[in-house]
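Beneath this line is the structure, given in structure tokens, with notes to follow.
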Amino acid sequence: MALISMMKIDFQKIKLPVQDFDSMFVLLLTVSIFAPFYFSVAVTCGIAVMTMMNCRKRTKAFSSPYSKFLLGFLIVPFFVSATYSNYWGMLYAIVILAAATCAFYVRSVMTRQLFDQVMDLSCIASIWCAAIAVFQKITAYGAAPRYRPVSAFHNANCYGMMIEFIIIIAIYRIFTKAKNKNFYLGVIGINLIGLYLSASLSAFVATACAVMTILIFKKRYRLAVGMVVLAAVFISVSLVFPSIFPRGLEAIDSTFGQRISIWTTAVRGIARHPFLGTGALSYQMICEQLGGYKTYHCHNLLLDTLLNFGFVGLGAIGVYVITQFKLLSLRFKSNICMDMNILFLAAIVAVAVHGMTDVTIFWIQTGMMFVLVFSSTGIGSEYLERKLRLPSLIPDYAEDVKVRPAYLKN
């Protein structure tokens, strides 16, 4: 009895790091992104199912403009894939639906404090991933000196894109939490080692463009000029001493030739089914039929979207993307969460630049990492989103209540 009395704990006085289940789910999703992709898929699908089963969460998640419109279209690729016996496409269609539902949920529950917790957790997890990459490189070096470590991700290019996001997140945190500047600088340095080992040329360029975006919008012009000089030195050294880099100029020649073959084949495939495409991962179905280079996707974001979902799909996705750009513009004009806006814009630049030569964003880990950055647009946007919704045929008497925007300045 004495032992039992000593073990009594006042649970009401315990302060947990997570105060609600919504925050717990978001943090769990963040951790799963830096584990093997099976965990990311499981957590994403679990959150999606939970959202659809809970009326309150479902209503809140799909309250943002055009979210229901986008989700409605994303059902179509499943049946398109079934029509062409694209079984992998059917499976991917289900995962895409789950990812979109999860994205809307995360955006609807995101707060400023939670967002910064997620960004810090991502920085910490990236250190572990870099350690794995170094270990993979060391253990494989004897048998395969040119081996490109993948860390906890699908391939080296996916790892490269994750590093793009982590570096701009660390820069964002330097501006928003300067007292921990040394830690975030360390995160950047460690991830630059990972970027070097991944040898992803597209990731190098995308990272540079994303970082330049942040520096220009933060009016750090001297740093921007310094980065241009550093990039010029990097290119010069690579020309003089190509052997010190995992992949030299010969890699550019070989990969460019492969991509020309892939893009040509993709255009021919798009011409066969231009309206709705043939479902996700269509390229691997047509590459042998049309004599193209054998791989899984088109290595170009625009071509892959057109081949998989057709011009109708591109239009549907485009409507939602344009709406988000309008919202981002309104947030800039209203001075709402400016540092978060700049971070999101830099992430878009990274995806767009990398998307010219690869589609690594169409992967569960990289895609959900982008979703976490995208979720910042849900913070303080309730008033602005009212301007983006289509007019309803049924009067909304709640409009009579005067709502004023809440400005969250950094």
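Considering each of 82, 93, 103, 99 in turn, give the residue that is within 30 Å of residue 183 (Cα to Cα) and open to solvent by less than 50 Å² (accessible area, probe 1.4 Å).
On inspection, the qualifying residue turns out to be 103.
For region 325-347, does any single residue satisfy the condition of being closer than 28 Å to residue 90 by Cα and surrounded by 17 or more Cβ atoms within 10 Å (Cβ to Cβ)?
No: zero hits.
Kindly indicate the residue of region 366-398 that is among the β-branched types (Val, Ile, Thr) and in a loop (DSSP other than H, G, I, E, B) and also modelled with the highest pLDDT among those meeting that condition.
It comes out as 379.
Would you please name the residue that is nearest to residue 136 (Cα to Cα), looking only at residues in region 178-219 that are of a type in the set (D, E, K, R) and exposed (fewer than 15 other Cβ atoms within 10 Å of the Cβ)?
The selected residue is 181.
I'd like to verify a number: residues in region 129-156 that are in a helix (DSSP H, G or I) and more than 27 Å from residue 343 (Cα to Cα), how many?
8
Whether any residue in region 285-294 is in contact with a helix residue (DSSP H, G or I) (Cβ under 7 Å, 6 or more places away or on another chain), charged (D, E, K, R), open to solvent by 40 Å² or more (accessible area, probe 1.4 Å) and at pLDDT 85 or above is what I want to check.
yes
Looking only at residues in region 38-56 that are surrounded by 18 or more Cβ atoms within 10 Å (Cβ to Cβ) and touching a residue at least 40 places away in the same chain (Cβ under 8 Å), which one is farthest from residue 364 (Cα to Cα)?
Ranking the candidates gives 51 first.
Is one or more of the residues making up region 213-220 among the aliphatic types (A, V, I, L, M) and touching a Leu at 6+ places or on another chain (Cβ under 9 Å)?
Yes.
The values are calculated or read from the model by the stated rules, or taken from the named source; none is laboratory data. No experiment lies behind these values; they were computed from the predicted model shown. Virtual Cβ from ideal backbone geometry, glycine too; neighbours counted across all protein chains shown. In case anyone asks, the SASA skips ligands and DNA or RNA and just uses the protein heavy atoms, side chains included. Shrake-Rupley method; radii C 1.70, N 1.55, O 1.52, S 1.80 Å.
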